[in-house]
Each structure stands twice: as structure tokens, then as C-alpha cells.
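Every read-out reported here was derived from the displayed coordinates using simple, explicitly stated rules and does not represent laboratory data. These numbers were taken from a predicted model, which means no experiment stands behind them. Here Cβ is always computed from backbone atoms with ideal geometry, including for glycine, and neighbour counts include all displayed protein chains.
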Amino acid sequence: MRSVLAVCLLAGTAAADESPRPMQPVSLGIGMLGTGGKLAGLEHTGIGLNLEGAFGHGNWQGFVEGSVSSIKLGPETDRTSGRALRAGLGARWHARSFELGDRGSFDLYFEAFSGWSRYRLDDRGALSRPDVGAGIGYGIRTFFGRSYRDRGMRISARIYFAPTDQRDERIACRGDCPMTKGNTNSGLMAVFGGYL
Amino acid sequence: MKALLIVCALAGTARADDEPDDPPTHDRLLGMRIAGGLMPYDDRELFHMSLGVVAEYRVYHLLRLTAEYEYLLFSQYEDTTRVADGTGHRASVVARHALARSRLLDGKVRFWLDGELGGGFLLARESMAGTIAKPQAIAGIRLGYDFVKFREDTRASKVWEPDFQFRVYATPHQELGFLFGVETSWGD
């Protein structure tokens with residue numbers, strides 16, 4: 001039993017001395033989600049709450065996330081509001097880390113993700129769409145002993161692409177879409193929050 | 001207060017090109033930039049926001065070469081109404097050289113002012129103009145500081161470098177746009 005404890009302690013020490021500091025094996029995050037771009041050919045903004053669960057190994061992390069947002073859709077003269085639910089998954093690469101001694105670090109991340117959103121508009125029905133994208137994240141991490149105790153804050157700026165079709169546009173614009181171009185909508189998505 | 005610190009640091013600065021006893025701290029940089037600006041197009045002013053990835057390599061002493069990719073969101077407003085929008089991509093190559101830099105203060109921090117010259121190509125799709133494809137010349141300045149690594153026994157990045165930048169973009173049609181950005185990079 002004593003030798004097992006000794007091995008565990010040594011393993012913990014080795015992990016603590018790793019450099020750069022690896023991602024946490026398991027982490028939970030909560031934050032704000034902001035979106036801006038196009039939905040069904042119309043300008044769209046949203047803000048809401050985002051929850052994330054992540055599993056890390058070395059400099060990589062896989063994550064699942066879910067959000068609920070309040071959205072606005074359409075030009076100011078013909079704007080509607082509603083709610084959006086989004087579920088997504090992705091992978092995150094911890095690309096660079098600048099360590100502040102043994103107290104913490106500034107981190108750079110790259111992300112790739114995919115998700116599915118359901119929008120319920122107050123006066124125009126509901127529509128849904130998948131999305132795919134990539135992003136860059138910037139984080140501040142505080143070290144606490146072993147890596148799984150680390151805490152931090154992260155902001156991710158993401159580009160997303162989502163398909164749209166005439167059915168969605170008819171719902172969103174009530175039949176008349178003045179600014180529709182192409183069959184892909186894109187935009188920016190920002191996630192800001194803390195994790196532990 | 002921050003501005004005052006920068007001015008004081010630059011006042012105690014040596015020239016940027018002749019410090020053999022104070023060599024550059026890193027050869028490569030990888031980072032991100034968030035920026036916004038105005039770009040004229042066909043007598044219209046397009047506001048744009050961009051998200052960029054930058055990779056930089058030191059080619060000679062304090063001369064660095066930067067390769068960049070940006071994703072851009074365009075919009076045009078009349079009063080408060082958005083009348084046009086679009087998205088685009090821009091790839092650029094920029095040479096950057098130190099104009100002034102402080103000594104390494106306390107072995108940890110260095111303030112600097114750099115100048116930039118380069119070129120890029122913009123490919124965008126906008127709701128009124130359709131496809132926009134144009135080369136752009138770039139000139140700019142950057143003001144920032146380097147944090148140099150706090151401990152020697154680490155394989156993490158040697159340098160953390162946040163900076164502000166202001167750029168002017170010129171097209172072959174004598175259109176002048178500008179961009180103000182905040183960049184954060186990690187140096188090795």
C-alpha cells in the first residue's frame with residue numbers, strides 16, 4: 001500500500017512539473033455566448049448562456065457544449081426576437097502557453113466545432129440549422145497543484161458557417177427576403193467564461 | 001497610467017537597431033488579432049470587423065516577416081439601418097521592423113514601437129457589390145510590450161506579446177481604408 005502511495009505521489013509530481021502545463025483531464029465551463037451574422041439570409045444577433053464539459057489529454061481537449069440564447073433577427077424596420085437552443089461538440093488544441101512562473105499561464109487555443117441550433121421566433125415559427133466552424137481562443141489559467149485543479153477564464157472568437165434554404169428564408173422573412181445571397185450563412189460567435 | 005509607463009520606458013530607450021548586448025528574445029510568433037475599421041468601396045464606406053491568425057518569423061535582427069489570414073464581416077449603415085453586409089477573407093504578408101524599443105526592464109518586460117509595410121489580397125462577397133477581389137498595400141504602426149519568460153526550466157513560450165496596431169490599406173483605385181486592432185502573440 002505504501003509503495004502504491006509513493007508511485008501515485010511521484011506520478012503527481014511528474015505531472016505537476018510538465019511544461020507546458022497540459023489541459024485538464026476533465027473540466028466544466030460556464031459562460032456567455034454572443035453571436036452575430038446571418039440566419040436565413042437576415043442579420044441576426046444573439047446573447048445567452050453557454051455550458052461546456054471538456055475532456056483533455058496533453059495539449060488536446062474534446063468538448064461538448066450547450067447554450068440557450070435570446071436572439072434578434074432582421075433589419076430594424078422589421079425585427080423580430082426569439083430564443084435559440086444550440087448543442088455542439090468540438091476539439092481544442094492548446095497551441096501556445098506563456099507561464100507566469102508556477103502561478104499560471106496565458107494560453108492560445110485553436111478550435112474546430114460543429115453544432116445544431118433550433119430557433120423559435122416570436123411571430124414567425126421555428127427553424128433549425130447545423131453549423132460548422134473554427135475559432136481562436138485566449139485564456140488565462142491559474143495553477144493549483146496538479147493540472148486537474150486548474151481554473152481559468154477563456155474567450156473564444158469563432159467563425160461559423162451554416163446552410164440556409166428557401167423554406168427557412170420564407171419563415172424568417174415572412175416571404176420576402178431583400179438581402180439574400182447564396183445558400184450559406186456565416187458569422188462570428190464569441191464564448192466568454194470561466195472553467196474549472 | 002499605462003500610456004505614461006510606455007512613454008517613460010521609451011524615453012529610456014536605446015536605438016532599435018544597435019544593441020548587440022540586448023538581442024531579440026524570440027524568433028517565431030504565433031497569435032491572434034481582433035480588429036475593426038473602415039474600407040471605402042465604390043464611394044461607400046464599409047465598416048468591417050476581422051478575426052485573424054498571424055504567424056511571424058524573424059528574418060534578420062529586428063526585421064520580422066508576418067503571414068496573416070483574416071476573416072472579415074462587412075456592414076454598411078445609413079443612419080442606424082444596415083443597408084449592406086458581407087463576409088470576406090484577406091491574406092497578407094507584412095514586414096515589420098522595430099522603430100524604438102526599451103531595454104529589457106527587470107529582465108521581464110520590454111516596450112516597443114514597430115513600423116510595418118506589406119501587401120495583401122482581399123476576397124469578399126458583399127450584398128450590394130457582389131464579389132470584391134482586390135490587392136491592398138499595407139502600412140502601419142504597432143505599439144506593444146513583451147513579457148519575457150518568468151522561469152528558465154520551462155518549454156512553454158518564451159515571450160507573450162500583446163500590442164495595439166493601426167494600419168492604413170490602399171488599393172489600386174486610390175481608396176484608403178484603415179484598421180485598428182488588438183493582437184496577442186506567443187513567441188518562441
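Laid out as a table, the results:
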read-out: Alpha-carbon gyration tensor eigenvalues x 5, square-rooted, for the stretch B:55-188, Å; value: 34, 16, 14
read-out: With Cα atoms, 0 to 90° folded angle of helix B:2-11 axis to chain B main axis; value: 60 degrees
read-out: Average partner coverage of A:36-46, which counts Cβ from other chains inside 10 Å; value: 1
read-out: Number of Lys pairs (Cα under 28 Å; 8 or more positions apart or on different chains) in chain B; value: 6
read-out: J(HN,Hα) series, the stretch B:102-113, from Karplus relation 6.51 cos²θ - 1.76 cosθ + 1.60, nearest Hz, glycine and proline x; value: 7, 6, 6, 7, 6, x, 10, 10, 9, 9, 8, 10
read-out: Highest average packing first - A:45-56, B:131-142, Cβ atoms within 10 Å; value: A:45-56, B:131-142
read-out: Furthest towards positive pole of dipole, B:39, A:89, A:73, structure part the protein assembly as shown, Cβ charges; value: A:89
read-out: ³J(HN,Hα), Karplus 6.51/-1.76/1.60, whole Hz, each residue of the stretch B:45-51, x for Gly, Pro; value: 9, 9, 7, 9, 10, 9, 10
read-out: Charge dipole magnitude, Cβ of K and R +1, D and E -1 - the stretch B:22-86, Cα centre, debye nearest 20; value: 360 debye
read-out: Two-decimal log10 I(q)/I(0) for the stretch A:26-161, as the Debye equation yields it once each C-alpha is a single scatterer, q = 0.11, 0.16, 0.19, 0.22 Å⁻¹; value: -0.45, -0.83, -1.06, -1.32
read-out: Residue-averaged beta-carbon neighbours from other chains (10 angstrom radius) around B:155-166; value: 3
read-out: Ranked A:94, B:89, criterion: other C-beta atoms within 10 Å, fewest first; value: B:89, A:94
read-out: Likely footprinting exposure, A:70, B:50, fewest C-beta neighbours within 10 Å first; value: A:70, B:50
read-out: Estimated Rh, the protein assembly as shown: Kirkwood, alpha-carbon pairs, angstrom; value: 22.8 Å
read-out: Nearest-20 debye value, the protein assembly as shown charge dipole, Cβ charges on Lys, Arg, Asp, Glu; value: 1060 debye
read-out: Expected 222 nm ellipticity per residue - DSSP helices of 4 or more, -39500 (n - 2.57), all of the protein assembly as shown, to 500; value: -2500 deg cm²/dmol
read-out: Cα-based convex hull volume of the stretch A:87-156 per residue, rounded to whole Å³; value: 105 Å³
read-out: Per-residue HN-Hα couplings for the stretch B:58-72 [Karplus 6.51, -1.76, 1.60; θ = phi - 60°; Hz; x = Gly/Pro]; value: 7, 9, 7, 6, 9, 9, 10, 10, 10, 9, 9, 10, 10, 9, 10
read-out: Summed side-chain charge close to residue A:191 - residues other than residue A:191 whose Cβ falls under 14 Å, Lys, Arg +1, Asp, Glu -1; value: 0
read-out: Average beta carbon contacts from partner chains per residue of B:73-82, 10 Å cutoff; value: 2
